[in-house]
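Values quoted throughout were computed directly from the atomic coordinates according to the rules given, and no laboratory measurement underlies them. Nothing here was measured: the structure is a model prediction, and the numbers come from that model. Note that we place each Cβ from the backbone using ideal geometry, even for glycine, and neighbour counts take in every protein chain shown.
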Amino acid sequence: MATSLSKCLTLRRGAKMPLFGLGTWLSKGDLCYEAVKMVLTKCDVRLLDTAAMYENEDQVGRAIIDSNVSRDEIFLVTKLQSSEHGYEQTKAAIKKSLERLQVDYVDLFLVHTPKGGDVVSTWKAMLEIRDAGLCKSVGVSNFGQEQLKQLAATGMEMPEVNQIELHVFLPQTELVQYCRDQGMQIMGYCPFARQKCAGNQALVDIGQKHGKTESQVMLRWSLQKEIITIPKSTTESHILQNCDVFGDWYLTDEEMNSLDNLANGFKASTSVNHQDIPWDEVK
């Protein structure tokens, strides 16, 4: 059970990945810089998730340097954007990301979406990038079960991580089980469903019982299911609240079952819509 901020999951090749971190989608400029620096220095968060598409890798990198936290204590994730798919483009993209981040390697490099096509040649490059030491592990994001099966059919090594939208309203149970059967850990983004379902009575009632907010209950649900969870915020009070989901409180089996029953297929991100479309048809 996730009772500590320092809890890690073990990836297939042995890397230890923190279960809880900071997402940085839509975080820009000084707000991004301050949020990253804060979680590193005040909250002891060690997992940071960024992407070339977010256009904030430079701020994340600057915050890492200014935090004075040792690089080897940080698990840094970035992603390949769809416009840079293809063997040579992928090789060039990681070098640009490393330059912006001001690091020699990232801990996890993800294909952000199958949307860019050329998935086979892109994945071949990803594996070679890892073997060259520019990243420690490789994975994908927004890939559905059929797309992963297409990748498996190539005979190449499978991803170690799949990052997908995941929350109490969209648990993606079948996809999660398939990934785990293939040795993949799951990262969940949009853990609050972008607040589109705020005020749900079950969440309110459970939160009141534990003296926690709806958002904290949603985070705790994800963590107890061992979903690597990356809530995003640039507001200090929200960041501190998000980090206050560990300690000696937990959701009971009855409460977890009650939250499981909230699943209604609600999608906060349009990226979910193309998870099961063949690569060459994803638009």
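Points worth noting:
- Listed cross-link partners 91/115; 91/149; 28/267; 16/91 are compared with a 21 Å cut-off, the Cα-Cα value being larger for 91/149; 28/267; 16/91.
- Restriction of the chymotrypsin sites (Phe, Trp or Tyr not before Pro) in the range 226-283 to DSSP coil positions whose beta-carbon has at most 14 other beta-carbons within 10 angstrom yields 249.
- Size of the range 167-283 as Cα extents on the principal axes (Å, biggest first): 48, 31, 25
- Annotation for the range 38-54 versus the range 55-108: alpha-carbon center distance of 12 Å.
- Between 116, 133, 86, the GNM of the chain built on Cα springs shorter than 10 angstrom shows 133 fluctuating the most.
- The range 226-258 versus the range 156-207: alpha-carbon centroid distance in Å: 13
- Each Lys or Arg adds one and each Asp or Glu takes one away; over the other residues whose Cβ falls under 14 Å from the Cβ of residue 37, this sums to -3.
- Backbone phi angles across the range 157-166, fed through the Karplus curve with coefficients 6.51, -1.76 and 1.60 (θ = phi - 60°), yield HN-Hα couplings of 4, 7, x, 8, 9, 10, 9, 9, 5, 7 Hz in residue order; Gly and Pro are listed as x.
- The HN-Hα couplings worked out from phi for the range 176-189 by the Karplus form 6.51 cos²θ - 1.76 cosθ + 1.60 (θ = phi - 60°) are 4, 5, 4, 4, 5, 5, 8, x, 9, 7, 10, 9, x, 9 Hz, whole numbers, x standing for Gly and Pro.
- DSSP finds beta bridges in the range 111-216, and of those with both partners inside it, around 10 percent are antiparallel.
- Separation of the residue 13 and residue 277 label points, Cα + 7 Å toward Cβ, nm: 3.1
- Estimated FRET transfer efficiency when R0 is 41 angstrom, pair residue 87-residue 250 (beta carbons, to 0.05): 0.35
- Along the axis of the charge dipole computed for the chain (Cβ charges of +1 for Lys and Arg, -1 for Asp and Glu, origin at the Cα centre), the listed residues 228, 203, 238 are led at the positive end by 238.
- The residues packed around residue 6, meaning those with a beta-carbon under 14 Å from its beta-carbon, carry a net charge of +1 if Lys and Arg are +1 and Asp and Glu are -1.
- Residues in the range 225-250 that a label on residue 198 would reach, taking backbone N under 18 Å of a point 7 Å out along Cα→Cβ: 231-243
- Set of aspartates and glutamates with alpha-carbon distance to residue 96 below 17 Å, sequence-local pairs under 8 removed: 49, 55, 57, 58, 84, 88, 104, 107, 128
- Pairwise Cα inverse-distance average, inverted: Kirkwood Rh of the range 10-155 (Å): 15.5
- A Gaussian network model of the chain, with springs between Cα atoms under 10 Å, assigns the largest mean-square fluctuation among 181, 49, 244 to 181.
- Hz values of 3J(HN,Hα) by residue in the range 13-30 - Karplus curve (6.51, -1.76, 1.60), Gly and Pro given as x: 8, x, 5, 9, 10, x, 7, 9, x, 10, x, 10, 4, 6, 8, 10, x, 5
- Taking one quarter of the surface of the C-alpha convex hull of the chain gives a mean projected area of 13.5 nm².
- Candidates 188, 199, 117: whichever shows maximal mean-square fluctuation once the chain is modelled as a Gaussian network with Cα springs under 10 Å: 199
- Charge dipole of the chain about the Cα centre (unit charges at C-beta), most positive-ward option of 74, 273, 33: 33
- Equivalent ellipsoid of the range 93-181: semi-axes from √(5λ) of the C-alpha gyration tensor, largest first, are 24, 16, 11 Å.
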